[in-house]
Amino acid sequence: MTIMAQNKCRADQVDRTFREHIAWTSDHPIGLEVTYAAGPFIQLSDGTEVIDLISGIAVSSIGHRHPRVLHAIREQIERHLHVMVYGEFVQQSQVAFANLLTDQLPDTLQVVYYTMSGTEANEGALKLAKKFTGRRKMIAFEGSYHGDTHGSLSVTGRRVYRDPFEPLLPDVQFLPFGDLEALHAIDDRTACVITEPIQGEGGVIVPDTGWIRALRERCSEVGALLIFDEIQTGFGRTGTLFAFEGFGVVPDIITLAKAMAGGMPLGAFVSSAEIMASFRTDPPLSHVTTFGGHPVSCAAARAALEVILEESLTARSGEVGRRVRTALEGRPHVREVRGRGAMLGLALDGRQVTQSIVDACLKQGVLLGWTLHSNDLIRIAPPLNIPFSVLEDALAIMISVLDDVTIRPIPEAE
Ligand code: PMP
């Protein structure tokens, strides 16, 4: 067999296994076969390279395989991997990262509970709020996304995702995001209000600062805990290290994941010593996890945060955003470029246009994405340290696609 024939055979085999043995989450996965990734580039099995403008959905904020992260991982695997369920042993990499992380946070957010993922961080935060307040009612917002396990799904503001799994948690009320009047529904039965400070999957929606402040005040007034889900907005994505800083309010609990560990799986919810103490007793071990705060992920997270701080990537996030806006605002099909920092959404004139543009950009080597709740919005979330020359190349491709794209009709069933 020639090498080409062997390669073809291997490709068919991989394709068949992907189709038959890997669970799909839709009938149309993007299906790119990745062989390598570094910085802002992902290399594919056909030898081509794409510029990653979505960072694995706001995960690879310092690019793929950052050398500092790789070094930290190597050092940690020489020491130890998993040794004990979370919370029992003193593990140096967990402690060192918590130290650096809490140095960046206000006095009331100083105790870190590590998880493995974003949804698990939200699960913990919701349970913590119930345990601390003794209340049960939860408030969330229409258009929100908090994850796909039962608790997080219960507070996710899109019926189409909740309905197939009802009954979910009882006593959850959804309010319109950004509506001042609606905040009266937060009352002295409310354990917590959970919100993304900037909605991601809902379509990159930045609320008024006045509204976020009123939300904070209302929660304090009635003794409800305010949970900010910063899983997507955290770690410099919006031009400040955490989005709450940009609004000048501090939540009672913050949840984190995604970009936290430079491409490794890690999440956390962070609160005050007083609130977090509710998990210690009545009963002890009322919230435990085996792999939360995996030592390798924590070592990676410390390196990733050091990179963000040392290279001032929060400020760079703003500059990345400005360049994207300048290049794309007012182009054909573009209704609006919205967002904050390098968490951006390109609102287009319809679903068919969006799909055609995403497809055409991918063919020309630029990877863009959708958001879960929105059909006419392209997500742009480049690595915060993307070299400006690479960003300009990607934007030039996007501009030429916007100028020339042929809109492909999408069959209704798709
Ligand atoms: N909250 C927000 C705001 C998110 O964007 C996501 C992931 N898209 C999650 C929670 C869930 O995180 P994970 O996929 O790690 O469970």
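Summary table below
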| read-out | value |
| --- | --- |
| Using a Förster distance of 56 Å, the FRET efficiency for Gln173-Asp27 (Cβ separation, nearest 0.05) | 0.95 |
| Estimated inter-spin distance, Asp188 and Ala38, nm [label 7 Å along Cα→Cβ] | 6.3 nm |
| Cα long-axis angle, helix 388-404 against the chain (0 to 90 degrees, to the nearest 10) | 70 degrees |
| Calculated over region 149-207: convex hull of Cα atoms, volume per residue (Å³) | 92 Å³ |
| Dipole of the chain, positive direction: furthest Cα of Thr17, Ile231, Gly248, with charges on the beta-carbon | Thr17 |
| Relative exposure of Val14, Val172, Val160, Val324, judged by other C-beta atoms within 10 Å (fewest first) | Val160, Val14, Val172, Val324 |
| Cut-off 17 Å (backbone N to label point 7 Å along Cα→Cβ of Phe89), residues of region 106-149 | 114 |
| Cα pair count fraction exceeding 16 Å, expressed as % - region 356-405 | 41 percent |
| Tilt relative to the chain, helix 295-310 - C-alpha long axis, 0 to 90 degrees, to 10 | 80 degrees |
| Sequence-separation-based contact order of region 67-310, relative, with Cα cut under 8 Å and 6+ spacing, percent | 31 percent |
| Per-pair calculated FRET efficiency, R0 = 22 Å: Arg136 and Leu180 via Cβ, rounded to 0.05 | 0.30 |
| Per-selection Kirkwood Rh - region 67-310 (Cα, Å, 1 d.p.) | 18.1 Å |
| Ser312-Leu100 pseudo-label distance in nm [points 7 Å out on the Cα-to-Cβ vector] | 2.0 nm |
| Alpha-carbon centroids, region 6-44 and region 289-346: separation in whole Å | 26 Å |
| Tilt relative to the chain, helix 118-133 - C-alpha long axis, 0 to 90 degrees, to 10 | 10 degrees |
| Using a Förster distance of 30 Å, the FRET efficiency for Asp282-His82 (Cβ separation, nearest 0.05) | 0.60 |
| Residue among Ile139, Ile54, Tyr113 farthest towards the positive dipole end of the chain, charges placed on Cβ | Tyr113 |
| Fluctuation leader among Val366, Val90, Val250 - the chain, Gaussian network, Cα springs under 10 angstrom | Val90 |
| Shape category assigned to region 300-414 from the gyration tensor of Cα positions, a/c cut at 1.5 | prolate |
| Fewest-first ranking of Tyr113, Tyr36, using other Cβ atoms within 10 Å as the exposure measure | Tyr36, Tyr113 |
| The chain, relative contact order [Cα under 8 Å, separation at least 6], % | 21 percent |
| Proxy reagent accessibility, fewest Cβ within 10 Å first, across Trp370, Trp24 | Trp24, Trp370 |
| Cβ-based charge dipole, the chain, positive-most Cα from Ala277, Ser374, Pro167 | Ala277 |
| Viscosity 1.002 mPa s, 20 °C: Kirkwood-radius Stokes-Einstein D of the chain over Cα pairs, µm²/s | 96 µm²/s |
| Label-point separation, Thr209 to Ala273 (7 Å along Cα→Cβ), nm | 3.2 nm |
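The numbers here are math on the coordinates, done by the rules we state, and not lab data. Please read all numbers here as calculations on a predicted model, not as lab measurements. Using ideal geometry, Cβ is built from the backbone for each residue, glycine included, and neighbour counts are taken over all protein chains shown.
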